[in-house]
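Report on one structure; see the data block that follows.
The values are calculated or read from the model by the stated rules, or taken from the named source; none is laboratory data. Nothing here was measured: the structure is a model prediction, and the numbers come from that model. Reconstructed Cβ throughout: ideal geometry from the backbone, glycine too, with neighbour counts over all protein chains shown. Calculation scope for accessible area: heavy atoms of the full protein, side chains included, ligands and nucleic acids excluded. Shrake-Rupley method; radii C 1.70, N 1.55, O 1.52, S 1.80 Å.
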Amino acid sequence: MGIGGACGRSEYKMSPSVSLNSALTSVRRRLQRKYQRVFPPAKVEMTESDEIFLLKNVNFNNMTSAENFELLSPFSIQSRERFAIKTKSLVLYTADEAEIIMRLEEEAALRAAPSGYSLKQLNGVNIGCGDRRVSEYLTPVDIMREELTGATGTHHAFLKDAILANPEDLPFKERSLDYIVALHMLEHVANPMEILRYWATILKPGGGIGLILPNYEYTWNAIIDDSKYGHKWNSSPSIFEKLYWENLSDLLQIEQLATLEHKISFDVILRKPGDFKPFAISNLTSPHSGAELAKMNIMVSEMLDR
């Protein structure tokens, strides 16, 4: 399994690790015969001669090809990220690296949950969930539960139990949610700051918004994205911070920005000011037991029998 592009969205393709490893082994042998070059098995730093060789042989028209994975995977993540910046191409990660990156993204986004509480005590939603469950205590929300025929830029997989809703019109009342996470979703809307301002209204005081966004410098420029559900704007830590101060600083406090070590994506935590109050069962819901209601002659069924 490998990643090229934004984790969790359709712009990357995932394959079973065993199948990919077999394919890469075959490609490795073929490339060694073709280029008369022994590719190092360990992660090494890319040298100038390596860069020259790669510039001549990497297929920049199909970055996620098996040959490209084989050519680039021997080098360290940092080397591949630098190569992507220099060549303005997609950065590639191996299967194991992809799994780690996705786990770190989810851990970072979940820091939006109010501190001092377990997730089972909180009401959170995962907007634009795709097939990423993240937590059994998060309610999945998306615009589709399965692929739409002819739609470009959609997810590669889905959660069948997701609530169907648009990000600008969610079925939650004001001040009703404890936290919101959105992983690789906000880059797919044309008005991200308006969406975040709206989300702030359905968030409780003290609640948080956890975002994972792609860094376009390591993925692709939205200007050339012609898919209907593809990227609508270019996100990076510096661009997001500028947009935040221009549009959100009066509603939300920026608590965390770009703490992830890998470069393909970055994290953001926004916090709504105020004292957080968790869910509590009200006396209106359950003030008395059935026996107490009967003794008080106010049990509904007993009243109907009169």
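Which GluC sites (Glu not before Pro) in the stretch 54-141 pass both tests, a DSSP loop state and at most 15 other beta-carbon atoms within 10 Å?
Sites meeting the loop and neighbour criteria: 136.
Using +1 at the C-beta of Lys and Arg and -1 at the C-beta of Asp and Glu, which of 278, 211, 262 has the Cα lying farthest in the positive direction of the dipole of the stretch 206-306?
So the residue furthest toward the plus end is 278.
When N counts the residues of the stretch 231-306, how does its alpha-carbon radius of gyration compare numerically with 2.2 N^0.38 Å, as a ratio?
Rg over 2.2 N^0.38 Å, computed on Cα atoms: 2.25.
For the stretch 117-226, what proportion of DSSP beta bridges, expressed in % and rounded to the nearest 5, is antiparallel?
Just about 5 percent of them are antiparallel.
Tell me the accessible surface of residue 285 in square angstrom (1.4 angstrom probe, heavy atoms of protein chains only), to the nearest ten.
Using a 1.4 Å probe on the heavy atoms, I get roughly 110 Å².
Specify whether the C-alpha gyration tensor of the stretch 89-177 places it in the rounded, prolate or oblate class, a ≥ b ≥ c being the square roots of the eigenvalues: rounded for a/c under 1.5, otherwise prolate if a/b is larger than b/c and oblate if not.
oblate
To the nearest 0.05, what FRET efficiency results for residue 62 and residue 173 with a Förster distance of 45 Å applied to their C-beta separation?
With a Förster radius of 45 Å, E is 0.45.
In the structure displayed, which of 43/86; 120/242; 86/232 lie more than 27 Å apart, Cα to Cα?
120/242
Using a 1.4 angstrom probe and counting only protein chains, how large is the accessible area of residue 82 in Å², to 10?
120
What whole-number value in Å² describes the accessible area per residue of the stretch 153-292 for a 1.4 Å probe?
49
When only alpha-carbon atoms count, how far does the stretch 121-262 stretch along each of its three principal axes, as whole angstroms with the largest first?
40, 35, 28
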